Amino acid sequence: MIYADIVVDISHEKVDRSFQYKVPEKMEKEIHPGMVVTIPFGNGSRERKGYVIGLSDTPKYDLHKMKEIHSLCSDRETTESRLIALAAWMRERYGSTMIQALKTVLPVQEKVKAKEKRTICLAVPRETAEKRAGEMEKGRCKARARLLRALLKEEALDYTEATGKLGAGSGVLNPLLEEGLIRIGYQEVYRIPEDLKNIPEEKEKTLTEAQQEAAEKIREEWENASPRPVLLFGVTGSGKTQVYMNLIQQVIDQGKQVIVLIPEIALTYQTVRRFYGRFGDKVSVLNSRLSQGERYDQFRRASRGEIQVIVGPRSALFTPFSNLGLIIIDEEHEQTYKSENTPRYHARETAVQRASMEGARVILGSATPSLESYSRAQAGIYALVTLRDRFGKRPLPDVSVVDLREELKQGNRSVLSRKLKDSIEDRLKKGQQAMLFLNRRGYAGFVSCRSCGHVMKCPHCDVALSEHSNGMLLCHYCGYKRPRAESCPECGSPYIGGFKAGTQQIEQVLKKTFPGVRVLRMDYDTTRNKGSYEKILSAFSAHEADILVGTQMIVKGHDFPKVTLVGVVAADLSLNASDYRSGERTFQLLTQAVGRSGRGVENGEAVIQTYHPDHYSILAAASQDYEAFYRQEMAYRALMDYPPSSFMMSVHASGEDEALLDEGMEYIGKFIRRVYPGSDLHIIGPAPASVGKINDVYRRIIYLKHKDGRLLAAIRDKIEKYIEINTGFRKMYIQFDFE
């Protein structure tokens, strides 16, 4: 006898465990993990759908109480079965419960009713309708006759239009329905996202010699018996998207489907326009800004095979395509591809796994590849294809690095250096456009006392409050707010104020410095509403503004030919982050920002303002020299045993009882040292997380580093079992995160 461990359909049950069922003898040769089955569940004979996550010959419960599987679901659900198998891999790879993994790959869908279009049609021959209309006109049924006459002309009428313009209410329709003269037709219609409306067709562009060579190299890799993921390393403006579209066409022609991942919703507008313009209604989009109805319809279209290309951020990776042929991860270096929720999966690794399971191909594209991807390409694990020149041999922007310390010595206290101010003025005179980038939103600066140094902090979170233009101090983690302080609560000094270096302040400085300038601002505060991304980007693209000020979302993948100047207002903000990747992320941000300039006919310029003009990441970004940055950063990673030189795992714990949390993490640290006493395992912590408290919940962390990732996975498994058998951990929430 075989027994199956089954998780009940997550859209119905909020349970975080599996149930064991008997496998009927006739199913023993067919059943396997990942299959979808129907099972009796709960009281009575209610039948539910379940997912097989394991098989065993050992029963866990009383056989007399154990129920049997009713049936195996048909072949139409093989796509779902593959996603379940992917969830099982994610659970093993990243550490989570099976339910958490299933909810990631098979998101719980709210019950959404399909949208229907109703029409009114004739249900009798035209002669009969003509005769009855005439009879009605002679009687007192003029409204019914009017509807019949309209149907004789149009054959079918939109229900809403008929009830409105023709006054065909229930008093008119019901008698005609009862007599059998008309019938109501129902047709399902899809809710189409705004991103897909009014997009002009775009003709296929001829690839340049370099682009054609890159596409051919990728095709050659695909011809191998075991094709590797391809890293397409192309400088900003080299035309990676055109290479993508050329290869997508080949995959579509083979009858297969494509997933295109982008790192930011802000990129959806421009990316979707380009792909939809080329491939038409074969393309759709998935992102969190869609309504429930729109998301529901796109999933239905995908599962029915009615679309062949889906564009979206990280979660689009789990689109239920039945014949997946290609996964493209654009800007693959972006940190948004890493999930912050359990399971803490990385879209890059998960995409490679899904492609492996389904016989698909993977392309990773970037002008600034992550160190993990580039090191794998150097080791031959990934195939490396390079585009070294911009499209049309256009030159890279001229880059100036401005030392803000010198600006201060010269008496310039403005957020704009003299160089940046002069460059903006020059662009405005020439009728060109500029972009100013700052990795902050709003007035998001801390408030401190100039006398004693006291910083205004959130009483619930271990972070500084940010000052906003409405006079309120706000915590961006829990939402706590209070009025601006007029004096220091510690020493009473009146010299207390905020460090104002946000996008709002830059916008106001620009308007004051350059009267009449048209400025658009793009940050979290201005893009909260649906359609706000598209509105801002389309306005800037149409040159309805001279300068676009924004946060990270404006420097990733956008293509504005009239932009000839990019200013990085404060390059050090990301450089000083408490993260071992801060140098890498600073280099990537600056390189991407610089790359937005000079993508049209006119040459571009970039100005980087910094307090650290000699830092290697800033110098490498200014010269657009990825290899130089890679060599120096990898030397630092090797020295400190950071990925990709070594593997790293973190154990995150949170709880409301600080003393209990500290005690629990101390026990976990001691347990790790006991199960693996080797000196080659580096253990850091336990210590407070970078933000030690959020909304009155304390947070602690332990880091583990080792050359063998399998050892860290084995330690994780032992910690999970240790936590499970010790009741003291039940008041804590513990997560695992790799790299």
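Can you say whether residue 283 is at pLDDT 90 or above, crowded, with 22+ Cβ neighbours inside 10 Å, closer than 23 Å to residue 191 by Cβ and not assigned by TED's automatic domain parsing to the domain that holds residue 555, as far as the supplied structure shows? No; evaluated as a whole, the condition is false for this residue.
Scanning segment 393-436 for residues being surrounded by fewer than 18 Cβ atoms within 10 Å (Cβ to Cβ), touching a Gly at 6+ places or on another chain (Cβ under 9 Å) and either on the phi > 0 side of the Ramachandran plot or part of a strand (DSSP E or B) (or both) gives a total of 1.
Scan segment 625-648 for residues that are of a type in the set (Lys, Arg) and loosely packed, with under 15 Cβ neighbours inside 10 Å and jot them down.
631
Residue 625: among the acidic types (Asp, Glu) and assigned by TED's automatic domain parsing to the domain that holds residue 594, yes or no? Considered against the rule, which asks whether it is among the acidic types (Asp, Glu) and assigned by TED's automatic domain parsing to the domain that holds residue 594, residue 625 comes out as yes.
Taking residues in segment 584-600 that are within 9 Å of residue 396 (Cα to Cα), and partners anywhere that are modelled with pLDDT under 90 and assigned to a helix (DSSP H, G or I), the pairs with Cβ atoms closer than 9 Å and at least 6 places apart or on different chains are 599/391.
Of all the listed residues (138, 117), the sole one being modelled with pLDDT under 85 and within 21 Å of residue 187 (Cα to Cα) is 117. For segment 164-186, filtered to residues that are within 25 Å of residue 114 (Cβ to Cβ) and at pLDDT below 80, the residue that is surrounded by the most Cβ atoms within 10 Å (Cβ to Cβ) is 168. Assessment of segment 669-677 against the conditions (in a loop (DSSP other than H, G, I, E, B), surrounded by 14 or more Cβ atoms within 10 Å (Cβ to Cβ), aromatic (Phe, Trp, Tyr) and at pLDDT 90 or above) yields at least one matching residue. Residues in segment 482-525 that are over 25 Å from residue 418 (Cα atoms), more than 33 Å from the chain's Cα centre (by Cα) and not small (Gly, Ala, Ser): 483, 484, 486, 488, 489, 490, 491, 494, 495, 496.
Scanning segment 340-364 for residues that are more than 13 Å from the chain's Cα centre (by Cα), assigned to a helix (DSSP H, G or I) and small (Gly, Ala, Ser) turns up 351, 355, 356. Residues in segment 25-43 that are at positive phi and either within 33 Å of the chain's Cα centre (by Cα) or of a type in the set (Asp, Glu) (or both): 34 alone. Taking the criterion of being surrounded by fewer than 17 Cβ atoms within 10 Å (Cβ to Cβ) and touching a Leu at 6+ places or on another chain (Cβ under 7 Å), no residue of segment 690-727 qualifies.
When residue 61 is tested against (1) within 30 Å of residue 303 (Cβ to Cβ); (2) outside any strand (DSSP E or B); (3) aromatic (Phe, Trp, Tyr), exactly one condition is not met: (1).
Test of understanding: among 276, 337, which residue is aromatic (Phe, Trp, Tyr), under 11 Å from the mean Cα position of the chain (by Cα) and more than 20 Å from residue 80 (Cβ to Cβ)? Residue meeting the stated conditions: 337. Taking segment 1-29 as the range and being at pLDDT below 65, more than 16 Å from residue 53 (Cβ to Cβ) and of a type outside the set (Lys, Arg) as the test, the residues that pass are 11, 12.
Scoring residue 132 on the criteria (1) without any contact (Cβ under 8 Å) to a residue 40 or more places away in the chain; (2) surrounded by 14 or more Cβ atoms within 10 Å (Cβ to Cβ); (3) among the basic types (Lys, Arg) leaves a single failure, condition (1).
The values are calculated or read from the model by the stated rules, or taken from the named source; none is laboratory data. This is a predicted model, so every value here is computed, not measured. Backbone-built Cβ (ideal geometry, glycine too); neighbour counts: all protein chains shown.
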